[in-house]
Amino acid sequence: MKKKKWKLIRQIWDLIRGSTFIKLGVSIIIIFGIMAVFSPIWVNRNPEIYDPIIGVDPDVHGSEGPSLKHPLGTDYIGKDLFSQLLRGSQIAFILGIMVSVLSTTIGTIVGLVAGYYGRIVDIILMRLADIILTLPRLPLLIVISGIFGTQSNWIILLILSFTFWPTISRVIRSQTLSLRERPFIESAKVSGVGNRRIILRHLAPNVLPITFYYLTVTVTGAILVEAGLSFLGFGDPSNMSWGMMLKWCFTTGYVFKAPYWMIPPGLCISALAFSFYLIGVGLEEIVNPRLKKR
Amino acid sequence: MDTILEIEELEMSYQTIKGFVSAVDNVSFKIMKGESMGLVGESGCGKTSLGMCIMKLLPENARIMNGKILFDGEDIVPKTEEEMRKIRWKGVSMIFQAAMNALNPVYRVGDQIIEAIQTHDNISKEEAREKVEKLYELVGLSPERMKNYPHEYSGGMRQRAIIAMALACDPKFIIADEPTTALDVIVQDQIIDEIVNLQKKLNMTMMYISHDISVIAETCNKIGVMYAGNIVEYTYTSTLFDNPLHPYTKALMSSFPSIEGPKKELKPVPGEPPNLLNPPEGCRFYPRCSYAEEICKKENPEFVEIEKDHFLACHKVI
Amino acid sequence: MSMERYILSRVIQIIIIFFIVMSIIFLLFRVIPSDPTSFLLTPSMTAEAKEAIREQFGLNEPIITQYYLYFKNFFHGNFGNSFYGGRSVMNIIKERMLNSIFLVTTAVILSYIIGITVGKAIAWKRGSKTEKFFVGLGLWFYTMFTPWLGILFLWIFAFKLHLFPLGGMITSEVWIANPSLIEKICDLIHHLILPLITYVVLWFGGYMLLMRNSMLETLREDYIITARAKGLKEKDIRDKHAARNALLPIVTAFAISISFSITGAVLIETVFSWPGIGRTIVEATLRQDYPLVQGAFAIITIVVLIANFIADIAYAYLDPRISY
């Protein structure tokens, strides 16, 4: 039994290794991972100059281009753009992955419960999902953060997750509905296995591939939406995300004069979002081989 | 009598990750005008692949490695897709399984048949419609039904419509691939009767593919028995039933209830068909054959005419 | 169930969702802010003006009465006045919404057509280099950060090459001079091109990938073999049999993409200073101009609901199998 499981893991590993999409995606993520880890090392050399939020280089006046001291140049008051970029990768990772884990977990549980129990539970949960899906996401987030007044990354985390779970739960639900009719579920029910155990032991493992797929593509969505919010001025002001870097560049009038400031944050957002999505597409091709040529 | 279809030493393989699987191997036979040939064998023996070879409707990973398919005297193996397009339906048409999604769900059934006619015959839509009306009456459907969508038909009606569609361009040769498999028994009988009637009425030349030898006995005057990509026996239905020679044919016949004659106990064919990725050397049936001898393990028997119109591939009988 | 009954049941569902959403908005603006009257009153108003608004929206009444007045005012198209400039919210929204719809519908239609055409073609040529190239390209643009691409385009085509204006919807100097209609239209198109291209570049990829996947699924269906067996022309098999069926899931995706395109609209309108509803909601929120925020959000929601409804009906027409 254990040997069989091991063989399955080997097989999955081989499939993953064979996917160009996944390999490319993981490579990009590793680069950003190194950036995130490198962030404190870069800053701690001299926090007064290099801290992305409060550090200012007193020798610099206005935004200056790349130099040895500031590899990406400085912003309009002399803050180091490279340290901001490094800090941004930390925020993108933490926020993206946390939103994804939170909303995928909620989405999977809701989908399983709605699909398995059916009837009134299903109707209530799915109507709720419908309503949230109908609300236009970004305007909703803007309005909510506007009403809350001061923003913090925690509130952004919660409201992002709130808008992401319904998509996942709908897919998981429809999968559960078809699984529920399969003989192995029927036989588990007949032999008196409890509902909770059926969901955890029999249904959940079967929807796992879809969950994994959404786990990666939701990171993409979360990174892009968070960047959008920050770009519009609804980010957490106590920190410096990539979206906020681009916002400062755009609103301080340097946008066309300082390409060294404008290009890196947008490129990072796009590349990190792209890499997580690539992994999702790679997983999708493994789970659903029809999409691939033999 | 004219030969409609002559197949010579045909070999077709699927390319898979693990290597080539030869689904049809060293197959040769002839079908004359007006004849109906039944092709029988277990699932996975290559009978559907053989049917698809004749239409050259092969999946991307399939290749005809060797042999000739002479249709109306012309070899179609080297023909291009565009040349084949003109032969399909006009020359060879096919009765698909109704259980399959053979009809496009988003178009009216009548229109799908009209489409086939208009692709090949240069006639107006009205004329094509009239022709479909006649076909509907011929197969026992009300022409009213032409304007319905496939999901509004019952299984039996859908099968009749598919038969009407196969007849639409007056093809010279029709391949019926398990046309009654997923239908319930009563409807199955009706469809078989319909096919037998049409065959007499129109003097159709056809090949009937089925795993059920009793269905084939009802519909065909000749039977080819297929095993693991080879045709092992091919002769007239009556000859085959009176005097089956190949051990596999014998086994197959005892695994189905006979329609005439005394009742006997049904015995499934023991063992499993071979893995075609690594077919056994020698005769492919020898692992399951109770008559197998030393030579059967080494040499694949040739397919020869042992008496007039009775072809066989077996070391034992010769 | 008949088509009429299906439409009716969808209308009822949408009306219910509409009331729920409007109630959520009502609660959001009254429960969360520290001062529940702040969404309509601003400190700079005179005492009489404040009292007039209190009267109109019943802010002195119990919450149930307020709820009733909220809907009553809504159905009379009365969202109050903007804190800035005092214009009627309804008038501002009408004007901005029109500008947005003009830009977004043009963009959606263009990216839909391009995405579906390319997706269909590359699915037909699956496994080829062309397919791989377009899939990669589509994925890259699909996950690109919207404002960044907009800024890049502005930088290259407007700032460096001077081909297009740096933003806005019209050049006011041109319009003040009272030009001919053709000049006005040309000026508008001149402003429209850059945001439009940004939209289309960002969105065609999504539709293209969806169409490709849907086509690949459809191409495995039995009726495609039937179509080939019937000797139909390649083009007919691809367009009439495969693509026609592959379109069905794309239509469903349209409803979802409406919500998606509004997100895009908010960002693109901000970058290109396009006076649309998306930019309006951002600016109003930043200024805490609550009547305008509330009105704009309600209108956007209604548009999304209507778009969902249209997509449902279109699907029912396209797929004869649907059990309404």
- Task: Check A:Ile132 against each of (1) within 25 Å of A:Gly96 (Cα to Cα); (2) hydrophobic (A, V, I, L, M, F, W, C); (3) surrounded by fewer than 14 Cβ atoms within 10 Å (Cβ to Cβ) and name the one condition it does not meet.
- Result: (3)
- Given B:Leu240, B:Leu202, which one is at pLDDT 80 or above and more than 23 Å from B:Leu50 (Cα to Cα)? B:Leu202
- Considering (1) more than 10 Å from chain C (Cβ to nearest Cβ); (2) in a helix (DSSP H, G or I), say which one B:Ala166 fails and leave the rest. (1)
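Quick check on region B:94-130: of everything there that is among the aliphatic types (A, V, I, L, M) and within 7 Å of chain C (Cβ to nearest Cβ), which residue is farthest from B:Ile175 (Cα to Cα)?
Checked region B:94-130; the qualifying residue farthest from B:Ile175 (Cα to Cα) is B:Val106.
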- Hey, could you check region A:128-142 for residues that are among the β-branched types (Val, Ile, Thr) and either touching a residue at least 24 places away in the same chain (Cβ under 8 Å) or touching a Cys at 6+ places or on another chain (Cβ under 6 Å) (or both) and say which is farthest from C:Gly264 (Cα to Cα)? A:Ile132
- Conditions: (1) without any contact (Cβ under 8 Å) to a residue 40 or more places away in the chain; (2) buried (at least 17 other Cβ atoms within 10 Å of the Cβ); (3) closer than 16 Å to C:Gly205 by Cα. C:Phe141 meets all but one. Number of the miss? (1)
- For region C:1-45, which residues satisfy the criterion of being outside any loop (DSSP other than H, G, I, E, B), out of contact with any Pro (no Cβ under 9 Å at 6 or more places or on another chain) and at pLDDT below 75? C:Met3, C:Val31
- Query: Looking at region A:238-250, which of its residues are facing another protein chain (nearest Cβ under 10 Å) and over 11 Å from A:Ala92 (Cβ atoms)?
  - Reply: A:Leu246, A:Lys247, A:Cys249, A:Phe250
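For (1) within 7 Å of chain C (Cβ to nearest Cβ); (2) outside any helix (DSSP H, G or I), each residue gets a yes or a no:
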{"residue": "A:Val121", "(1), (2)": "no, no"}
{"residue": "A:Leu125", "(1), (2)": "no, no"}
{"residue": "A:Ile131", "(1), (2)": "yes, no"}
{"residue": "A:Ser145", "(1), (2)": "no, no"}
{"residue": "A:Gln151", "(1), (2)": "no, yes"}
{"residue": "A:Ile155", "(1), (2)": "no, no"}
{"residue": "A:Ile159", "(1), (2)": "no, no"}
{"residue": "A:Thr163", "(1), (2)": "no, no"}
- Item | Filter result for the condition that a residue is surrounded by fewer than 17 Cβ atoms within 10 Å (Cβ to Cβ), outside any helix (DSSP H, G or I) and not charged (D, E, K, R), over A:Pro52, A:Pro71 | A:Pro71
- In region B:302-317, which residue that is without any contact (Cβ under 8 Å) to a residue 12 or more places away in the chain and not in a strand (DSSP E or B) is surrounded by the fewest Cβ atoms within 10 Å (Cβ to Cβ)? B:Lys308
- Item | Output for region A:251-282, where each listed residue is more than 7 Å from chain C (Cβ to nearest Cβ), part of a helix (DSSP H, G or I) and of a type in the set (S, T, N, Q) | A:Thr251, A:Ser275
- Query: Which ones in region B:53-92 are touching a His at 6+ places or on another chain (Cβ under 8 Å) and either β-branched (Val, Ile, Thr) or crowded, with 17+ Cβ neighbours inside 10 Å (or both)?
  - Reply: B:Trp89, B:Lys90
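Suppose the filter is out of contact with any strand residue (DSSP E or B) (no Cβ under 6 Å at 6 or more places or on another chain), at pLDDT 85 or above, surrounded by fewer than 20 Cβ atoms within 10 Å (Cβ to Cβ) and more than 13 Å from every other protein chain (Cβ to nearest Cβ); does A:Phe184 pass it?
No.
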- Task: For region C:75-133, name all the residues that are more than 30 Å from C:Met22 (Cβ to Cβ) and β-branched (Val, Ile, Thr).
- Result: C:Ile113, C:Ile114, C:Ile116, C:Thr117, C:Val118, C:Ile122, C:Thr130
- Test: residue in region C:67-75 that is out of contact with any Gly (no Cβ under 7 Å at 6 or more places or on another chain) and either more than 30 Å from C:Val293 (Cα to Cα) or among the acidic types (Asp, Glu) (or both): no
- Residue list for region B:175-197, filter: in contact (Cβ under 8 Å) with a residue 40 or more places away in the chain and of a type in the set (Asp, Glu): B:Asp177, B:Glu178, B:Glu194
- Of the residues that sit in region C:157-186 and are out of contact with any helix residue (DSSP H, G or I) (no Cβ under 9 Å at 6 or more places or on another chain) and of a type in the set (Val, Ile, Thr), which one is modelled with the lowest pLDDT? C:Ile176
- Task: For region C:153-180, enumerate the residues that are facing chain A (nearest Cβ under 9 Å), surrounded by fewer than 19 Cβ atoms within 10 Å (Cβ to Cβ) and either hydrophobic (A, V, I, L, M, F, W, C) or in contact (Cβ under 8 Å) with a residue 12 or more places away in the chain (or both).
- Result: C:Trp155, C:Ala158, C:Phe159, C:Leu166
- Got a sec? Which of C:Leu216, C:Leu194 is away from chain B (no Cβ under 14 Å) and in contact with a helix residue (DSSP H, G or I) (Cβ under 8 Å, 6 or more places away or on another chain)? C:Leu194
- Message: Being within 13 Å of chain C (Cβ to nearest Cβ) and closer than 19 Å to B:Trp89 by Cβ is the requirement here; does B:Ile175 meet it?
- Response: yes
- Can you name the number of the only condition in (1) over 24 Å from B:Leu70 (Cα atoms); (2) in contact (Cβ under 8 Å) with a residue 60 or more places away in the chain; (3) surrounded by fewer than 20 Cβ atoms within 10 Å (Cβ to Cβ) that B:Lys172 fails? (1)
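The values are calculated or read from the model by the stated rules, or taken from the named source; none is laboratory data. On a predicted model such as this, the values are computed, not experimentally measured, just so you know. With ideal geometry, Cβ positions are generated from the backbone for all residues, glycine too; neighbour counts draw on all protein chains shown.
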